[in-house]
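A.B. asks: First, the structure itself, so that you have it in front of you.
What follows draws every value from the coordinates through simple rules; no lab data is involved. Computed from a predicted structure; not experimentally measured. With ideal geometry, Cβ positions are generated from the backbone for all residues, glycine too; neighbour counts draw on all protein chains shown.
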Amino acid sequence: MANDPHYIFNQTQERSERDRLKLIERYHDPRTRKRLLATGLKAGWKCLEVGPGAGSIMHWLAKTVGAKGKVVALDINPRFVHRTRSRNIQVVQGDIANTSFPTNTFHLAHARFVLIHTPANRKALANILQALRPGGWLVLEEPDFSAARVVAGPKLPSQSVKRVNQAIIRMFEKAGLNPSFGLELPKLLQQMGMTNLIVENDTPISQGGSRLATIMQLSSYQLKNAYLATGVATKSDITRYGRFAEDPTTWAIYHGTVVVHAKKVNSHKGT
C-alpha cells in the first residue's frame, strides 16, 4: 500500500486507527448522510468517495444508489476498504492530486477531512471537479483547527489543552499543511469557477467524555510524538489533555467543520 508523508495518521497502528475512524464515523455520519441526501442522491447515481476511511459512507452510498449505480472509492492507503465485496463499489488506490477520472462521470463527489492532508489541494479539487458531470454535486467537509479553545475546565489542565492545541497547529504547518483549510474552501472553490455555494460552519462546544472529545483524545495518543516534535507541548501536557477530554465537567471547542455544497453548472476553472 502507498504511503503519504503528509498524512499525519499514516504511521498509526492499524487497530487503534480503525477504532478512531469508526468513532469518527459514528459522530459525523448522521450529518454527512443528510448532506448527501440533500443533493437529490438516488438510485442509479455514480458517486466518487475520496478518502473512504473505514468505509461507512462508501457502503451507505453503494446501498443508496443500488445495483444500477456505482461508487468509486479513492484512497492513498485503502487498508480498511480494499477487501469489500460489494459489486457496485470500485476501490482505487491513489492520491486525488495525482489521479484523474474521465470527464463528466459522477453525479456526486464527497470528501470528509481529506483535503487538509493534501498539499496540492487545488490540483486535487481540479481533478474532482473535472470528473463531475454538469449538474453534479460536490460535498466537502474539512476541519478548522484554528477554532480550538478551552471553554471551561480546571486551570492547569486548561493550560495544557491550550499548548496541545498550539502543537496541533504547528504540526500541520511543519508538514506544509494548512490547519484551518476548511476556512479556505469557499474562496478556493469560487476561484475555480463554482457558484451558488452553500456553506456551513459547525463549531460545537463539546463536553468532556463526549464523542468528539474522545476522538481528539485518541488522536493525541496516536500523534503524541508528532506533538512533542513541535516543541510546543510536553508529555505532561498531552497526559493532561487526555484527562481533560474525558472529564465531564470540562467544555471545549476541539475544532470546527466547514461544509461546502456546490453544484457544477458549467465548466470550471483549472489550476
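A.B. asks: Mind giving me the FRET efficiency for V265 and R26? R0 is 51 Å, r the Cβ-Cβ distance, nearest 0.05 is fine.
C.D. replies: Calculated value: 0.90.
A.B. asks: Next question. How big is the equivalent ellipsoid of the range 12-157 along its three axes, where each semi-axis is √(5λ) from the Cα gyration tensor, reported in whole Å from largest to smallest?
C.D. replies: For the range 12-157, the ellipsoid semi-axes come out as 27, 18, 16 Å.
A.B. asks: Now for a separate question. Could you give me the ³J(HN,Hα) list for the range 198-214, computed from phi with Karplus coefficients 6.51, -1.76, 1.60 and θ = phi - 60°, whole Hz, x at Gly and Pro?
C.D. replies: Once θ is set to phi - 60°, the couplings for the range 198-214 become 10, 10, 10, 10, 9, 10, x, 8, 10, 7, x, x, 6, 4, 5, 4, 5 Hz.
A.B. asks: In addition: Given a Förster distance of 25 angstrom, what is the FRET efficiency for L228 paired with L156, based on the Cβ-Cβ distance and rounded to 0.05?
C.D. replies: 0.85
A.B. asks: Oh, and also: Obtain the nm distance between the two label points defined at Q190 and D19 by a simple spin-label model: each point lies 7 Å from its Cα along the Cα-to-C-beta direction.
C.D. replies: About 4.3 nm, to one decimal.
A.B. asks: Follow-up. Of the peptides 199-212, 43-56, how do they stack up when ordered by the mean number of other Cβ atoms within 10 Å, highest first?
C.D. replies: Going by the mean number of other Cβ atoms within 10 Å, highest first, we get 43-56, 199-212.
A.B. asks: Can you order the peptides 59-68, 115-124 by their average number of other Cβ atoms within 10 Å per residue, highest first?
C.D. replies: Per-residue mean Cβ counts within 10 Å order the peptides as 115-124, 59-68.
A.B. asks: Here's something else I'd like to know. Note down, for the range 24-91, the three equivalent ellipsoid semi-axes (square root of 5 times each alpha carbon gyration tensor eigenvalue), biggest first, whole angstrom.
C.D. replies: 18, 16, 9
A.B. asks: Okay, next question. In the range 1-150, what is the count of Lys pairs whose alpha carbons are under 27 Å apart, counting only pairs at least 8 residues apart or on separate chains?
C.D. replies: Lysine pair count for the range 1-150: 18.
A.B. asks: Just the number, please: percent antiparallel of the DSSP beta bridges in the range 14-263, rounded to the nearest 5.
C.D. replies: 45
A.B. asks: Take every Cα pair under 8 Å in the chain that's 6+ residues apart, average their separations, divide by the length, and report that relative contact order as a whole percent.
C.D. replies: It comes to 21 percent, rounded to a whole number.
A.B. asks: If we restrict to alpha carbons, what Rg and Dmax does the range 161-250 come to, in Å?
C.D. replies: 15.9, 47
A.B. asks: Still on this structure, I have one more. Mean 1/r over all different Cα pairs, inverted: what Kirkwood radius does the range 14-263 give, in Å?
C.D. replies: Across the range 14-263, the inverse of the average 1/r is 18.8 Å.
A.B. asks: A follow-up question, please. For the range 71-151, take N as its residue count and report Rg(C-alpha) divided by 2.2 N^0.38 Å.
C.D. replies: Scaled against compact globular proteins, the figure is 1.23.
A.B. asks: Could I have the simple spin-label model distance between H82 and E246, label points 7 Å from Cα toward Cβ, reported in nm to one decimal?
C.D. replies: 3.3
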